[in-house]
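The numbers here are math on the coordinates, done by the rules we state, and not lab data. Keep in mind that this is a model prediction, so the values were computed, not measured. As a convention, Cβ positions derive from the backbone with ideal geometry for all residues, glycine included, and neighbour counts pool all protein chains shown.
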Amino acid sequence: MIYTAETYMAKIDALNPDPQAMSLAAQVINSGGLVAFPTETVYGLGANAFNTQAVERIFEVKERPANDPVIVHIAEMYQLNDIAINIPSIVDKLTDVFWPGALTLILHRSEQIPDSVTAGQDTVAVRMPSHPIAQSLIRQSGVPIAAPSANRFSRPSPTSAVHVMHDLAGRVDVVLDGGNTHIGVESTIIELTSAVPTMLRPGGIALEELRQYLPSLAFRPQHILEDETAPAPGTLLKHYSPNAEMLVYTGDNDEAVWQEMRRQAQTLLDKGRKVGIMVLDDDVMRFEGVIAQYVMLGHDVEAMAATLFSGMRELDAAEVDVIMVRAPQQVGLGLAIFDRLKRAAEGNIINC
Ligand code: TXA
Ligand code: MG
């Protein structure tokens with residue numbers, strides 16, 4: 001297919017979106033167009049969720065398989081009733097506490113939602129984002145907005161408008177540039193349609209926080225190998241991948257981990273390979289004398305989440321052959337970071 005869209009990029013004040021600019025973007029949604037917009041997690045690629053053709057275009061431009069359903073974004077609670085049916089009572093509590101925010105709920109779908117959104121399943125994913133630009137776009141267009149992350153399929157999710165343009169320029173109508181996204185990893189997805197509520201994707205809201213309100217919440221990470229048949233859509237292990245090979249290191253013994261990373265980095269460098277290292281600011285001294293390309297991840301897991309995907313893209317642009325990174329502890333936001341690293345590394349975790 002030939003992409004002829006002229007992509008219009010508009011800078012928008014993230015705290016106080018200009019109503020006129022937002023109204024133009026909403027008109028594009030209402031006429032069946034595609035608008036990329038910032039959310040507090042990552043940028044989304046939005047279309048009117050009730051417009052089958054517009055939603056199908058999302059799949060085309062992303063090169064996303066049609067069996068991978070997308071999330072429907074709303075701005076007001078009443079919109080939930082247009083999208084989902086048989087809503088369990090726990091949803092009141094969860095939405096009170098976590099919406100607007102980085103929590104996506106899988107519920108039974110209403111008939112108004114086209115098959116293209118849900119990949120023909122009888123469930124639908126819904127989220128109310130907190131980002132003012134996302135909220136304004138949904139309000140002004142007056143419809144729920146179906147939106148996956150605004151990257152090409154299997155590329156790292158976009159946390160800036162530049163990332164979106166890199167992947168989708170010429171394929172979408174409008175990109176709303178609201179600067180860098182705050183959280184940097186996608187929303188947490190929990191399924192509320194089966195007997196046991198289950199977290200399908202760790203994300204911006206921590207499992208521990210959710211369990212305060214939903215103690216029975218199970219965690220079943222949806223990882224499978226790429227060459228297996230997917231049991232559920234969107235669960236392929238290979239995802240969020242940079243072009244470079246990712247090496248992810250784990251282990252409780254700090255000294256052992258740093259020593260192994262240093263040793264492997266040096267071995268690769270000696271073979272003439274270009275090495276990228278993503279590292280927390282306080283740990284960079286562990287690599288003294290190792291002549292690699294560095295991406296600083298900040299001081300804590302929040303900063304790490306916010307810079308993770310842009311770091312992968314930066315090192316890809318520098319054309320490194322290998323990206324090395326130490327995984328954080330798998331608690332809080334660290335669980336989401338570990339999940340993204342594991343997928344980017346296609347499961348290749350080195351335990352020291
Ligand atoms: O933070 C986010 O969630 C971002 C922003 C834009 O909201 N969106 C996002 O969308 O990450 P996407 O399409 O990249 O990831 C959504 C995931 C996919 O893995 C998809 O398979 C899953 O949600 N999903 C959507 N509907 C589902 C359903 N009915 N049942 C199970 N999984 C579903
Ligand atoms: Mg995605």
With DSSP loop assignment and no more than 13 other C-beta atoms within 10 Å, the GluC sites (Glu not before Pro) in region 38-101 are GLU63, GLU76
Can you tally the net charge around LEU176? Count Lys and Arg as +1, Asp and Glu as -1, for every other residue whose Cβ sits under 12 Å from the Cβ of LEU176.
-3
Give me the angle, in degrees from 0 to 90, between the Cα long axis of helix 301-317 and the longest principal axis of the Cα atoms of the chain, rounded to the nearest 10.
80
Quick check: pseudo-label points 7 Å beyond the Cα along Cα→Cβ at GLU63 and ASN16, how many nm apart are they?
4.2
For region 23-134, evaluate the Debye formula with one uniform point scatterer on each Cα (no solvent term) and list log10 I(q)/I(0) at q = 0.12, 0.13, 0.21 Å⁻¹, rounded to two decimals.
-0.40, -0.47, -1.26
Over region 137-226, one equal point on each Cα, no solvent: what is log10 I(q)/I(0) by the Debye formula at q = 0.14, 0.15, 0.20, 0.26 Å⁻¹?
-0.71, -0.79, -1.08, -1.27
Per the C-alpha gyration tensor (a ≥ b ≥ c, the square roots of its eigenvalues), region 275-352 is rounded if a/c is under 1.5, else prolate if a/b beats b/c, else oblate; here it's rounded
For the ALA318, ILE85 Cβ pair and Förster radius 41 Å, calculated FRET efficiency rounded to 0.05 is 0.25
How far is helix 333-344 tilted, in degrees, relative to the longest principal axis of the Cα atoms in the chain, given as a value from 0 to 90 rounded to the nearest 10?
80
With the convex hull built on the alpha-carbon atoms of the chain, volume per residue in Å³ sits at 139
What angle do you read, to the nearest 10 degrees and between 0 and 90, between the alpha-carbon axis of helix 19-30 and the longest principal axis of the chain?
80
Put +1 on the Cβ of every Lys and Arg and -1 on every Asp and Glu Cβ in the chain; which of ILE205, GLN330, ILE58 then has its Cα farthest towards the positive end of the dipole?
ILE58
Would you pull out the residues with amide H under 5 Å of ILE323's amide H, same chain only if 5 or more places away, H placed 1.01 Å from N?
GLU245, MET246, LEU247, GLY276
Within region 233-329, list the GluC sites (Glu not before Pro) lying in a DSSP loop whose Cβ has at most 13 other Cβ atoms in a 10 Å radius.
GLU288, GLU319
Please get the size of the charge dipole for region 34-192, origin at its Cα centre, with Cβ charges of +1 on Lys and Arg and -1 on Asp and Glu, quoted in debye to the nearest 20.
280
Once ARG220 and MET77 are pulled to full extension, the length gained, defined as 0.36 nm per residue separation minus their Cα-Cα distance, is 48.7 nm
Region 56-97: translational diffusion in µm²/s, Stokes-Einstein, Kirkwood Rh over Cα pairs, 20 °C, 1.002 mPa s:
169
The answer for the net charge of residues other than ILE205 whose Cβ lies under 12 angstrom from its Cβ, with Lys and Arg +1 and Asp and Glu -1, is -1
